[in-house]
Every structure is written in structure tokens, then in C-alpha cells.
């Protein structure tokens, strides 16, 4: 082992997990650890997990089993995150080669857990801490053109299908001043785009300031050119929040607004606390305030009791709301959630057929909306080299992906491009004028 122990973090799941990986790296770097470039070079391996869906959890279980082959004498293997929180001691019993587990409120204890593991003690750190925001631990961000800023942890909604309240605890918001300070630190590094993260981010309230105040404050930070947020809840879009979206120049014209179903009856069984009509009213209010808004969503098929007519309502919601894209899922029962006790399970083959039909409907609507944009001009932030050789990947304010030719030196800069083609999901762009217009760097 080298003088400075090395760690490697594998992350599965959502943006919150990716932000937590940066936080964990910050904890370990502060204690004198160094990053390893791969699993085989690490003295400490952390598997950062998701528990939202059964498939994601089984994938992680398989990966943890594979890592048994990589364990050398003295190497510590920890499982952290939502699945670790959900399973706790059971995961230690199920996987004897795992040295410790830690939930989202236990990351401060990582150096202690690693030390105890080296002494032969296996432990689960899964206590919730309603005061934990890790304010004194700077996230260890890798160089990038965009940054995540966690503004809220936990969730107070109790949707019958969702495991998050059991893995992330009760909702609590960071102080606005602390969020603004982090945004200022990010901007000082030259990062111009931030994404505000929360389980129901638009329910943010620190006791004095709400989500509208947060958008205005972060959008006013010098150097921050784009502000995004995810994921909001349809119930929490106040008139103040929508006005802030429309009035703050930095706030991007994109909302990812999970619908989950287009049927009011299914939404009641999901305990989503809004109807189809109320969801569409929020969409109408957002579009009225932000005319060029792009709208994406989450949709579940095969929820217990979902009849053909109710599934048809979800299909029609795709058309009526005019989604630009959607993450689509088959219902996945999660141990401990109320949905596991609901009768009238939908057969797997029916749910699979519905998912295929839904994906087709989403793609058809998205393709038509994107085709209508070909020939228009957009501002893009160049993010990275694209997977296709010789091209760059960029993103519009509406979160649309654009690929274009250009040198690597463009990464991190804003460009004005004309959208000249689309595959249905991704656009091809070219400079908007003969001389490339650099609209910011």
C-alpha cells in the first residue's frame, strides 16, 4: 500500500448520487486519501448505489459480487448510498466480502468506517441525521463545464411506489446563503452552468426563503450564466416560482416534470396528490410564462390496477402535454412501499407491451417537435467530445443535445449554432454565421 491510501468510487443512479460521489471524494481527500484511476489501483473501493428500481439494485448486487475477485489483502470494499441505506445489516449478511455499508447521511463517517474495517470490524452506518448538509465539506468536483449543487436532501412525499423517503429521510433544505456561497465558488473556477438538486427541488424552503428566492439568488451570482434544477414536483410550482423562472435570465427554459401517469385514478393510487387536470394546468402555466419551454417527464406503466383505459390516458397525456422526451419505466415493486400491498398486479407481459407502445408514442411526439426546430438558431454550451469521432457535444438552454464539428478548445464555451438536422433525439449544428460567433466563454 502506498503512503497515501487510494480510493475509487463507482456510482450508479441519479444526479443526486453523482453529486454524493463528489461529496464522498471531498471527505476522503480531506483525510489525505488520493484518487485511484481504476478499481485495481485502489485501497478503498466504494460502490455508490441506487435503490429506486429493482433492476438497478440487482445490477449493483451483481457488481458487488464481481468486485470480490478484485479484493486483495488490505483492500476495503464499502457499499454506500440508497441501497446501502435500505438493506443495512442485511447487505453485510448477504455479501460477506463487503466490509461496511453507509447510507446518505453517513458519509462523514467514511474514514472511521474504513479504519474499523481494516481492524476487522464490519459495520452498517444507516442512521438518519436531519441536520446533515455537509456544509463544511467541499465537494471534490472533477473538471467540467457544469456543476451540481445539492440544495435539498430527503423527501416528505409518500408516493406509494417510491423508496426515496426510506433511503434519504425527511426533507430538509440548505440555507440560501450556503447555496449561493457554493455557486460563487463554482463560478470562481470558471464554471458557468449549475444544476440545483433536490428530491422535490421546488419545495425548497430554508425557513426564510423559498424556491423563487433561490432561483433569483443563484441566477444573480456573477459568472453563472445558466441555472437548471431537478426534479420538481407538480404540486410545488407556485406563481412566485414560475415568475422567477420567467424573470431570471440565467434560468434555463427546461423543466423535467415527473407525471408518472396520465390517469387521475392511477395517480390517486400512486398518492401523487394531483390529478391529470391539475398536472396539465401546471404545464399550461409554465408554457404561458416561458413560451419556448422544453418539457420532459417520467412515466410508469403497469402500476397495480392499471386498466387498458388508464394506460390509454397516459398515451394521450404524451400528446396533450407535448413532451420533448420522457424516461419511461415498468412498475417495479420496492420492499417497504405501500404499492407492494395493492391488489390487481398487472402481468409482466402486459406491462412490457405497454412500455413498448409508450416509448413509441414518446419518440413520435419528440421527433415531430424536434423536426420543427430544424433551421432555427440556438445558443449552445459545448460540453465535451462526442462519442462520434471528430465531433463535439453541446447542449441548448432547453437541454437539447447538439453535435457539431469543432476543436477541443471550444469545450466550455458558448456558441451560436444553426440546427440543420435531427435524428429525432439529437441535433446536428453548424455555426450560425460564416464567422463563428462566440457568445460567451
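Values in this text are rule-based calculations from the coordinates and carry no lab data. The structure displayed is predicted, hence computed values, not measured ones. So basically every Cβ, Gly included, is an ideal-geometry build from the backbone, and we count neighbours across all protein chains shown.
How far, in nm, would the chain grow between residue 72 and residue 30 when pulled straight, counting 0.36 nm per residue and subtracting the alpha carbon separation?
Values: separation 42, 0.36 × 42 = 15.12 nm, distance 2.48 nm.
Separation in residues times 0.36 nm, less the Cα-Cα distance, equals 12.6 nm.
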Exercise for the section: Looking at the stretch 142-300, send over the antiparallel percent of its DSSP beta bridges, to the nearest 5. Expected result: 15
Handout entry: Per-peptide average of other Cβ atoms within 10 Å, ordering 347-353, 45-51, 168-174 highest first
Key = 45-51, 168-174, 347-353
Exercise for the section: For Rg and Dmax of the Cα atoms in Å, several values are listed as (1) 26.2, 88; (2) 21.3, 69; (3) 22.4, 66; flag the one computed from this structure. Expected result: (3)
Exercise for the section: Obtain the nm distance between the two label points defined at residue 327 and residue 175 by a simple spin-label model: each point lies 7 Å from its Cα along the Cα-to-C-beta direction. Expected result: 3.2
Problem - Relative contact order for the chain, counting Cα pairs under 8 Å that sit 6 or more residues apart, in percent - result: 9
Problem - Ranked by how many other beta carbons lie within 10 Å on average, peptides 236-242, 251-257 from highest - result: 251-257, 236-242
Practice task
Express in nm, to one decimal, how much length is gained between residue 275 and residue 288 on full extension, taking 0.36 nm for each residue of separation and deducting their alpha carbon distance.
Solution key: 2.7 nm
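Determine Rg/Rh for the stretch 146-371; Rg is computed over alpha-carbon atoms and Rh is the Kirkwood hydrodynamic estimate from the same atoms. Intermediate results must be reported in sequence, preceding the final value.
Values: Rg = 18.2 Å, Rh = 18.4 Å.
Over the Cα atoms of the stretch 146-371, Rg/Rh equals 0.99.
Going by C-beta contacts inside 10 Å, put 176, 271 in order with the fewest on the left.
Details: 176 21, 271 14.
Ordered from fewest to most neighbouring Cβ atoms within 10 Å, 176, 271 come out as 271, 176.
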Exercise for the section: Evaluate the distance, in nm, between pseudo-label points positioned 7 Å from the Cα of residue 240 and of residue 335 along their respective Cα→Cβ axes. Expected result: 4.2
Fill in the blank from the handout: Rounded to the nearest 5, the percent of DSSP beta bridges in the chain running antiparallel is 35
Exercise for the section: Return the FRET efficiency for the residue pair residue 144, residue 268: r is the Cβ-Cβ distance, R0 is 41 Å, and the value is rounded to the nearest 0.05. Expected result: 0.50
Fill in the blank from the handout: Taking a crude spin-label model, label points 7 Å out from Cα along the C-beta direction, the residue 156 to residue 119 distance in nm is 4.0
Exercise for the section: Mind telling me which of 278, 152, 37 comes out most flexible in a GNM of the chain, alpha-carbon contacts under 10 Å? Expected result: 37
